[in-house]
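J.: Provided herewith is a single structure, encoded as structure tokens, for subsequent inquiry.
Read-outs: derived from the displayed coordinates by stated rules, not from any lab. In this text the structure is predicted, and so the values were computed from the model without any measurement. Because the Cβ atoms are built from the backbone with ideal geometry, glycine has one as well, and the counts that use them run over all protein chains shown.
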Amino acid sequence: MQVESQSLKKTFQNNFFIGAAINEVQIDEQDPMANALLKKEFNSITTENNLKWMYIEPLPNEFNFDKSDKYVNLGEKNNMHIVGHTLVWHSQIAEYMNEIKDSTTMAKAMESHIKTVVNRYKDRIHSWDVVNEALKEDGSLRESIFYSVLGEEYIERAFKLAAKIDPKVELSYNDYNLCKPSKREGAVKLVKRLKKNGAKIDAIGIQAHWKLNYPSLDEIEKTILAFSNLGIKVMFTELDVSVLPNPWELFGAGVEQDFKKFEGDPKMNPYPTKLPDSIQVQLAKRYEDIFNLFLKYQNKISRVTFWGITDKQTWLNDWPIKGRTNYPLLFDRKYQKKEAYSSVIKLKIQN
Ligand code: XIL
């Protein structure tokens, strides 16, 4: 295949959608190099932020659809599979929601949010992350504002509402660390419960904010099987591979650290100017292994979305420690293909 005509979306066109999360600058088409890559390489998009509650309904029943309209238009213009992220999430929520303490008001607020947003993009957004991050690490339900006020039934209610408004749209539950056995089991139970109670759930969104050596391929494989055995599609919705030291690993999980104290600490930001070749090779190998597994289960996996286009704008430069230089994606800060890009493409060309 000619190198110039090569692309991720063409290479994997018979396997799964290849998506990217896009930020506001890209929605506004103010980052021409990124937008060119988006068009050439990807056939699906997710909003990195602009469909979240705090942006879309910042005040009760006052909706702001400027950016999300532009987003959906951009996807349609480029013939893309358009993802809506996300309807019900405790984080990046409008402030007034945190103050609601009675169940009638909370149920109404959730209902009106889902109705208005899903209805606006009916037949245009193809897939909704209906509920995001409802589980704790041990697999039990997180005590979010929705859970605290409405109880566990809020999840089922959200799915049923979305399905009622747009019966054809794909509906998913999305979360991180789903390859961790305890959390995976919690999510499996959740999906089973939803199905048993008559809610429509089509897919699981495995965020896939991963590391060079975590999670293991074995756990990823078990996760693909656990969810596909439930009869739902498996999607990797926020893929990136961090190469930087992880404060939780260094200082213990569960410790509520204030990571501000690590800002500017060179030990936590070891590659401020360039990724050493040895790590570049490890990253390429990691992506190769991951995609090899994805291809093995291509009939169960419907979408693989990267959380960003290039290393220049990845959220991992600022999370969980601000101001670092991370290298988690397939394109570098100069919008060039990295070794990891070739290692992924090669899997198909050789076969
Ligand atoms: C992140 C965005 O990438 C950041 O720009 C924002 O500041 C915080 O949220 N899980 C999710 C995503 O479901 O919505 C998060 O996105 C990353 C973790």
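J.: I'd like to know if the stretch 56-79 contains one or more residues that are aliphatic (A, V, I, L, M), crowded, with 18+ Cβ neighbours inside 10 Å, more than 16 Å from the ligand (Cβ to nearest atom) and outside any strand (DSSP E or B).
T.: Taking the stretch 56-79 as the starting set, the residues that turn out to be aliphatic (A, V, I, L, M) are 56, 59, 72, 74.
Going one step further and asking which of them are crowded, with 18+ Cβ neighbours inside 10 Å, we end up with 56, 72, 74.
Among the residues that remain, those that are also more than 16 Å from the ligand (Cβ to nearest atom) are: 72, 74.
Of the ones still in play, those that are also outside any strand (DSSP E or B) are 72, 74.
Within the stretch 56-79, one or more residues are aliphatic (A, V, I, L, M), crowded, with 18+ Cβ neighbours inside 10 Å, more than 16 Å from the ligand (Cβ to nearest atom) and outside any strand (DSSP E or B).
J.: Being under 29 Å from I145 (Cβ atoms), more than 16 Å from the ligand (Cβ to nearest atom) and over 21 Å from the mean Cα position of the chain (by Cα) is true for just one of M110, M33. Which residue is that?
T.: The conditions single out M110.
J.: Sticking with this structure for a sec: Spot the failing condition for V281; the list is (1) out of contact with any Asp or Glu (no Cβ under 8 Å at 6 or more places or on another chain); (2) away from the ligand (no atom under 16 Å from the Cβ), and only one is missed.
T.: Exception for V281: condition (1).
J.: Just one of T305, T314, T310 is among the β-branched types (V, I, T) and touching a Pro at 6+ places or on another chain (Cβ under 9 Å); which is it?
T.: Exactly one of T305, T314, T310 is among the β-branched types (V, I, T) and touching a Pro at 6+ places or on another chain (Cβ under 9 Å), namely T314.
J.: Identify, please: which residue in the stretch 122-135 is over 21 Å from M97 (Cα atoms) and part of a loop (DSSP other than H, G, I, E, B) and is, among those, nearest to the ligand (Cβ to nearest atom)?
T.: So the residue we want is I125.
J.: Can you tell me which residue in the stretch 80-113 is nearest to N49 (Cα to Cα), limited to those that are among the charged types (D, E, K, R) and not in a helix (DSSP H, G or I)? Working first, answer last.
T.: Step one: of the stretch 80-113, the residues among the charged types (D, E, K, R) are 95, 99, 101-102, 108, 111.
Filter once more, so that each one left must be not in a helix (DSSP H, G or I): 101-102.
On the way: K101: 26, D102: 28 Å.
Result: K101.
J.: Which is touching a Ser or Thr at 6+ places or on another chain (Cβ under 8 Å), without any contact (Cβ under 8 Å) to a residue 40 or more places away in the chain and surrounded by 13 or more Cβ atoms within 10 Å (Cβ to Cβ), of N317, N269?
T.: N317
J.: Further question on the same structure: Every residue in the stretch 111-127 that is without any contact (Cβ under 8 Å) to a residue 60 or more places away in the chain and either touching a His at 6+ places or on another chain (Cβ under 8 Å) or closer than 14 Å to E152 by Cα (or both), please.
T.: Scanning the stretch 111-127 gives a single hit, H126.
J.: Can you go through L275, L293, L329 and tell me which one is surrounded by 13 or more Cβ atoms within 10 Å (Cβ to Cβ), among the aliphatic types (A, V, I, L, M) and within 16 Å of the ligand (Cβ to nearest atom)?
T.: Unique residue meeting the criteria: L329.
J.: Okay, moving on. Restricting attention to the stretch 40-54, which residues are surrounded by fewer than 21 Cβ atoms within 10 Å (Cβ to Cβ) and over 16 Å from V83 (Cβ atoms)?
T.: K40, M54
J.: Something else: List every residue pair whose Cβ atoms lie under 9 Å apart, where the two residues are 6 or more positions apart in sequence or sit on different chains, the first residue falls within the stretch 193-219 and is polar (S, T, N, Q), and the second residue, located anywhere, is assigned to a strand (DSSP E or B) and within 16 Å of the ligand (Cβ to nearest atom).
T.: What qualifies is Q207/N132; Q207/N174; Q207/D175; Q207/F236; Q207/T237; Q207/E238; Q207/L239.
J.: Looking at the structure I just gave you, is L347 of a type outside the set (K, R), more than 16 Å from the ligand (Cβ to nearest atom), in contact (Cβ under 8 Å) with a residue 40 or more places away in the chain and not in a strand (DSSP E or B)?
T.: yes
J.: Against the definition (assigned to a loop (DSSP other than H, G, I, E, B) and free of Cβ contacts under 8 Å to residues at least 24 places away in the same chain), how does S5 come out, yes or no?
T.: On the way: assigned to a loop (DSSP other than H, G, I, E, B): yes; free of Cβ contacts under 8 Å to residues at least 24 places away in the same chain: yes.
So S5 fits the description; yes.
J.: Taking R303 as meeting all but one of (1) within 16 Å of the ligand (Cβ to nearest atom); (2) assigned to a loop (DSSP other than H, G, I, E, B); (3) under 21 Å from the mean Cα position of the chain (by Cα); (4) not hydrophobic (A, V, I, L, M, F, W, C), write down the number of the exception.
T.: Of the numbered conditions (1) within 16 Å of the ligand (Cβ to nearest atom); (2) assigned to a loop (DSSP other than H, G, I, E, B); (3) under 21 Å from the mean Cα position of the chain (by Cα); (4) not hydrophobic (A, V, I, L, M, F, W, C), the odd one out for R303 is (2).
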